[in-house]
1. In nm, to one decimal, how far is the Ser174 label point from the His190 one, both placed 7 Å along Cα→Cβ?
2. Sort Tyr123, Tyr132 by Cβ crowding within 10 Å, fewest neighbours at the top.
3. At a 10 Å Cβ-Cβ cut-off, how would you order Glu303, Glu102, Glu239, Glu157, fewest neighbours first?
4. Suppose R0 equals 41 Å; then what is the FRET efficiency for Ala11 and Ala160 from their Cβ-Cβ distance, rounded to the nearest 0.05?
5. Looking at this model, which pairs from Lys36/Lys215; Lys29/Lys265; Lys215/Lys245; Lys9/Lys252; Lys129/Lys202 are more than 30 angstrom apart at the alpha-carbon?
6. Could you point to the label whose value was computed as Rg and Dmax of the Cα atoms in Å for the structure here, given (i) 20.9, 67; (ii) 20.4, 63; (iii) 23.9, 98?
7. May I ask you to compute the full-extension gain from Thr131 to Ser235, defined as 0.36 nm times their residue separation minus their alpha-carbon distance, rounded to one decimal in nm?
8. Quote to one decimal, in nm, the extra length available between Ala138 and Tyr88 on full extension: 0.36 nm per residue of separation minus the C-alpha distance between them.
Amino acid sequence: MKVRDYYIKKAEALPNAGTFTADLKGGLKIQDIRVKLSATNGATSNTVGKLCGMVSKIEVVDGSDVQHSTSMQELQALNFWQNKRFPYRYLTAAAGGSVLEEAIVCFGRFLGDRDFYLDTSRYTNPQLKITYALTIDAGAGFATGTGALSLLARVIEDGAPPYRGFMMQKEVKSFATVSSGECSTLLDLHLPYQGLMVSALKTTVEPQTILTNFKLQRDASRFVDFDLTSVDLLSRNLETHGWAKETFRPLKDTSATFLASVYAKVGGGPRLADGTAKALVTAASGESVTIAMTTGGAAGGIEVFINGACPHASFWMPFGDGQTPEDWLNPAGLSELELILTQGVAGAAASIVTSQLRQ
């Protein structure tokens, strides 16, 4: 099997907000599409230091037929659950610094999957759409007119295996949590499920306190696929996927606080920039990390390494090992498939994303 990397778009300049659309024509057999977004920080700083929260939707569509639909944060979290690591990200709060973030629309179970891919020849007008709004600010955002986008597809050029379908990932529900009670969601009954991802994001609050229990039942409890506390689900995710890791370059100062993309942190520390630099991570609450630096260390710049769980405040619930199609949940013949989430903290932005096999 021969594959090639193909730029659908390369370093395309973006306005500060809008929806970017790219055609996916030509009978391509696509394993994945790497979305590469960059922008230049404001003249003073960018205390946010990220782009992912400014991309509300990444979609693959054929007219009204939606084959993929998530936010960039959801897609980066899915990338971790697929590949046990975040896609490439360069995050910095420095004045005039360049921030780069990637998210990968993966049509297989994992990067390089030979068995499942998107065949665009089966559709009339397939397109990739990206909806975004960059924060433009000299101190807490980006410089105007500096956004840029590249779309890099991994394409099977020759010798593709017989077509078996692709993994279709969609946000099927978003809601604001309340302080107690259950949130019930009836799931689609048409396609097999590889897994479910649920996220609950509220700044400085651990997601396992926001959603405290996860239950999936068929036909009014005739069969219960799982009924797990969030703490046990978090532990299981750690056992199968390990800790999520990221780096961040905070502002050059004696003290800096920034928001990471991981929670339940096990540790973190600086990489020293020069012989005089001294730095120490002094606090971590939710995704908030505080680092203290010497003036000399600040002058040289510090890169902070963070290890944690729940990437972008998410949990992953695979069926079987998540890799073997015979083990996935096939809802054919069911009258009801219900996901029940028990809530513990109000005001979090929660969502449910499904990963299903579409043929």
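1. Taking the two extended label points, one gets 2.2 nm.
2. Ascending number of Cβ neighbours within 10 Å: Tyr123, Tyr132.
3. Details: Glu303 16, Glu102 22, Glu239 8, Glu157 12.
In order of increasing Cβ crowding within 10 Å: Glu239, Glu157, Glu303, Glu102.
4. Efficiency, from the Cβ-Cβ distance: 0.90.
5. Violating the 30 Å limit, Cα to Cα: Lys36/Lys215; Lys29/Lys265; Lys9/Lys252.
6. Looking at Rg and Dmax of the Cα atoms in Å for this model, the match is (i).
7. So the extension gain works out to 34.0 nm.
8. 15.5 nm
Readers should treat all values here as calculations from the given coordinates under stated rules, not as data from a laboratory. What you are looking at is a predicted structure, and each value in this text was computed from that prediction instead of being measured. Every residue, glycine as well, gets a Cβ built from its backbone with ideal geometry; the counts of neighbours run over all protein chains shown.
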